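Shown next, in structure tokens, is the structure this report addresses.
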Amino acid sequence: MFRRNVSRLVKYGLYGSVAIGGGAFVTSIYPDADYNSLPIVRHTRAARTALEISQMYKSMLYGKNWDKTSEEYLKVRSEAHKLGAEKLLELCKSNKGVYIKVGQHVGALEYLLPSEYVTTMKILHKDAPRNTVEELYKVLKEDLKQDPAEIFTEFDPEPLGTASLAQVHRARLKDGTEVAVKVQHSYVRKNTTVDLKWMELLINIMSKVFPDFQMQWLVDETKKNIAKELDFMEEGRNAEKVAEVFKNYTWLKVPKIFWEFSTERVLVMEYLTGGQVNDVKYIDSHNISRTDLCTKLGDLYSHMIFVTGFVHSDPHPGNIIVKKEPGDKEVTICLLDHGLYAQLSDKFRYHYSKLWLSIIAKDKEAIKFYSGKLGINEDLYGLFACMVAGRPWDVIMKGIDITKPSASEKVTFQNELPNFLNRVSQCLEYVDRQALLIMKTNDLIRSIEYSLEMQDRMCGFMIMTKCCTESVYKLELKDENSQVKRQLLSIKYLWSLCVLYFYAIYLTVREKWNMCFYNTNRCASV
């Protein structure tokens, strides 16, 4: 069976060889062309990479009868994943655009994919290919109908950041206002549609050759979101909406949009300074409390996911900066890049909130029930709960509120995932699509907590529990017409908040007791 599948892939490889010849022919006719923009060049490169990765896995893993518990197998599997990830990274950097967007998504799924792929693809969050200033000026002229010199007195040629679809530069308007200018890569729009179709074809082929390789969900998500991300006017509207929704969060800053200089491909916004949220050196040198910072992030994203349903879905460290001046009482969190948002339905928020409350309560039957409501088959509910919580099943059953995460637990979790990769793929393929961006968001927030070495404090745990409880209460109240039952729901909600309040006091006392006990033992040992 496997030989037949591989021979089928080789057939497609031959098609790729024909495409390579065609590419050479095109090169001879159009010597001055931008070769990376030619579909035949991009598709040939993608097909060749898919073939190389499949042949590499066949020779290293699938061509032998392994004892999958042996150290030798685990070592070879890790090497294969690393080689495959490096080939994929090279493809993403060469084809740019949508390929980088997909690579960034892979790099964000820290708790769901093999660590070799995640670690390798993470580089795309901060090291995406860049365009020259001349290429950016061309887009500015086309969209703003003016020469950039007529709008900006300064335009820094060194980008503040480069992403899959655009890059951002510091500039100064004629009135002296310092701004950040986001300019879309000129090649993105013309390549996106064809790239997505070709990527989908390759994934379909790979899934036939390797049944464990089920990644249609990734293509579906990219197709659904890419149109929104390509419209910078939508990004500007998202920024203004989230600023309005969280206007009471005095410590949250969202950049102001300069609409008179913004189009679908150009976004001019307020220039904000600070350090990246995972820059430990900056945070400590500015006397920023890591506990306070993580608590605020947990507060913000818990309210987004469970209460408002309007979720900033790309919180990688480059999109969150922090600042605290000497006279400031608290840290200011600046939220950047508002191109990708999830708008969650009430139904999804209710089931997702109930799932979390079931996980916290260690209620297996409820976990199974609400996992099913989110599209998960009965036999996968345990794995899905682990994917959502980012914790092993035995820890969930002990209680995630009393068992602190650790670096070793994270390593164990990631090392075990490859053994269940086909089942993880099934979960991602059949789960309610709204969950995909939320799981990515959860993974990025957890990654930030680990970068700040705050995972064992579980800073946002109580806030998240409170937000889940609030979400369930409001949605049940919304659907209830009986005044008596509405009163009962209110009493139940108030009682839950009271329990949470006293439980928070208990956790605080326990934390101080453990710290005191630890310090006493350390002094005694000295």
- Message: With a 1.4 Å probe and all protein chains left in place, how much accessible area per residue does region 388-499 have, in Å²?
- Response: 47 Å²
- For region 327-456, what mean projected area does the convex hull of the alpha carbons give, in nm²? 9.8 nm²
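Can you give the convex hull volume of the alpha carbon atoms of region 47-146 per residue, in Å³? Kindly include the intermediate steps, with their values, before the conclusion.
Details: hull volume 11.0 nm³, N = 100.
Looking at region 47-146, the number lands at 110 Å³ per residue.
What is the Cα radius of gyration of region 272-399 over 2.2 N^0.38 Å, N being its residue count?
Normalised by 2.2 N^0.38 Å, the Cα Rg of region 272-399 equals 1.28.
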- Task: Identify, among Phe348, Leu335, Val322, the residue whose Cα sits farthest towards the positive end of the charge dipole of region 320-365, taking +1 on the Cβ of Lys and Arg and -1 on the Cβ of Asp and Glu, with the dipole about the Cα centre.
- Result: Phe348
- Query: What fraction, in whole percent, of alpha-carbon pairs in region 97-182 exceed 16 Å separation?
  - Reply: 59 percent
- Item | Probe 1.4 Å, accessible area per residue of region 275-381, Å² | 39 Å²
- Query: Using alpha carbon centroids, what distance separates region 133-208 and region 275-341, in Å?
  - Reply: 25 Å
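At a 1.4 Å probe, what is the % contribution of carbon and sulfur to the accessible area of region 91-176?
Values: 1730 of 3480 Å².
That share works out to 50 percent.
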- Item | Net dipole in debye of region 296-407 [+1 Lys, Arg Cβ; -1 Asp, Glu Cβ; about Cα centre; nearest 20] | 220 debye
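Local charge sum around Asn95 (other residues, Cβ-Cβ under 9 Å, Lys/Arg +1, Asp/Glu -1)? Working shown, then result.
Details: positive: Arg42, Arg45, Lys93, Lys96; negative: Asp195.
Overall, the nearby charge balance is +3.
If you roll a 1.4 angstrom probe over the protein chains with everything in place, what fraction of the accessible area of region 436-485 belongs to carbon and sulfur, to the nearest %?
Roughly 47 percent, rounded to a whole number.
For region 255-411, give the percent of accessible area contributed by carbon and sulfur heavy atoms, probe 1.4 Å, rounded to a whole number.
Result for region 255-411: 51 percent of the exposed heavy-atom area is carbon or sulfur.
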- Please compute the net charge surrounding Ser262, taking Lys and Arg as +1 and Asp and Glu as -1 over other residues with Cβ under 10 Å from its Cβ. -2
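The values are calculated or read from the model by the stated rules, or taken from the named source; none is laboratory data. Since the model is a prediction, treat every value here as computed from it, not as a measurement. FYI the Cβ positions are ideal-geometry reconstructions off the backbone, even for glycines, and counts take in every protein chain you see. The accessibility values were calculated without ligands, DNA or RNA, using every heavy atom of the protein model including side chains. Shrake-Rupley method; radii C 1.70, N 1.55, O 1.52, S 1.80 Å.
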